[in-house]
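The next block holds one structure in the form of structure tokens; read it before the comments.
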Amino acid sequence: MLNETYKIFKSGTDIRGVASEGVPGEAVNLTDEVVARMAAGFVLWAEQKVCKPASGLTISVGRDCRISGERIANTVIKTLSAAGVKVYDCGLSSTPSMFMTTVDFGCDAAVQITASHHPFNRNGLKFFTRSGGLDGKDIEAILEHAQSDDKPAPAQGSVEAVNYMEHYAAHLRDIICRGVNADDYAHPLKGFHIVVDAGNGAGGFYASDVLEPLGADTTGSVCLEPDGMFPNHIPNPENEKAMQSICSAVLASKADLGVIFDTDVDRGGAVDSSGSEINRNRLVALAACLALEGDPGATVVTDSITSTGLNEFIEQHLGGKHYRYRRGYKNVINKALELTEQGISAPLAIETSGHAAMKENYYLDDGAYLCTRIIIKLAQLRKEGKTLESLLADLKEPVEALELRIRITDPDFRTAGQRVIDELEAYALQQDGWHIAPDNREGIRVSFDKNNGDGWFLLRLSVHDPILPLNIESDSQGGVEIIKEKVLAFLREQSGLAL
């Protein structure tokens, strides 16, 4: 069992910690010693997972542009090679590309140094095998090895510098060339103006190495240079300032499309030619259009906070099935894999945060791949005289939406939070006009008719934090306030919450 020292590093299916100084009150805990222990623990875990001794393992190591990335990557590489591992040092890389080294280079495993969209002083380790990303129990096993200071036997490994991003960019270019079916096969995006906002993360390659060689005009792109201090905005498609940045870039350059990535490019978002966001429910809807094109009636797995209008769009307009599941990108991916194993076609697993994993792409959450598919569809629609916006014309979006994050003050926050959810469910059963969703699989989701707020709320327990997120949507002006007061009237009576 993990002690408090190592428990803090576990962040769902990743390891994360404080890696750099610069934020008051946040002491560095992702030290070289701790990182070396984790890397050694990963070798021991990988030996069992792929049934090879360390001397027979090939593991790739990459990093995003965080200021601590090179230090941590060097420590990981040194630890792996000292155990006899053959290491591919991939340098600055996107997270999805590191998984793809297990496909294209036959690596037994991969390590990416990243903390996604988190602040500059944070960093972490994300692991892959050919089967995909690790689950929480795997991370715990690695951390238990680290806590015990377990080490593989020393041996002489090797380190080879590899520019895998060059191969990965070529892979994306090939997908576009085959998908667009343009007269000019070498430059299928000639005549398209597409701007990119990489948030000064690892995604700048998409403009220079994917779009421009195919003939696209990328003038007006912003934040392409990697800068681990993220001086312009948080690299996060969910961040309001980040989305304002790409929307402004599209409008200023009169582009056909804008795309935006998070720091390590496992998430993406888009902006249409009018400067309107294709994000959250709209991004899920567009991805569902792409996934269901060749698979009518298939199931789209999403997280729990997707809107009623999105459910209607998937099931009534696209003819698919909508399976709402728990928050957490690995949760939706695992559910899609489970449905597939049961013989149910599930071509898409997607979170409203922008994590999108398609069956055709190894169920890998890859922002660059999703944006590539969107660009192909844009080109196909142009030939038909249509736009991306036309695909989403039947998507009914809420008039109002709100998210409140209610802090749990009880030290045992998971038990306390679940108690509140259970008691709210019992309370809802006794209230007139409260309709508990029959297909809810996380927290409690309740809908209301036009006389009682004309919408719904979802109260759930955060995946990692002592927080109860409360999401509310309404199809009528003023409806969110009505629903909010109904829920808060109950929550104010509960102990252990800070309202």
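The values are calculated or read from the model by the stated rules, or taken from the named source; none is laboratory data. Remember, it's a predicted structure, so these values are computed and weren't measured experimentally. Here Cβ is always computed from backbone atoms with ideal geometry, including for glycine, and neighbour counts include all displayed protein chains.
Quick one: is Gly443 within 23 Å of the chain's Cα centre (by Cα) and at positive phi?
On the way: within 23 Å of the chain's Cα centre (by Cα): yes; at positive phi: yes.
Spelling it out, Gly443 is indeed within 23 Å of the chain's Cα centre (by Cα) and at positive phi.
Assess whether Ile344 counts as being at pLDDT below 95, of a type in the set (A, V, I, L, M, F, W, C) and assigned to a loop (DSSP other than H, G, I, E, B). So Ile344 fails the test. Does Ala379 meet the test of being closer than 30 Å to Asp475 by Cα and small (Gly, Ala, Ser)? Criteria not met by Ala379.
Being of a type outside the set (Val, Ile, Thr) and in contact with a Pro (Cβ under 6 Å, 6 or more places away or on another chain) is the filter here, so list the residues in segment 239-266 that pass it. Asp262, Asp266 - these are the residues of segment 239-266 that are of a type outside the set (Val, Ile, Thr) and in contact with a Pro (Cβ under 6 Å, 6 or more places away or on another chain).
Has segment 146-164 got any residue that is within 23 Å of the chain's Cα centre (by Cα) and either at pLDDT 95 or above or closer than 30 Å to Ile234 by Cβ (or both)? Yes - at least one qualifying residue is present in segment 146-164.
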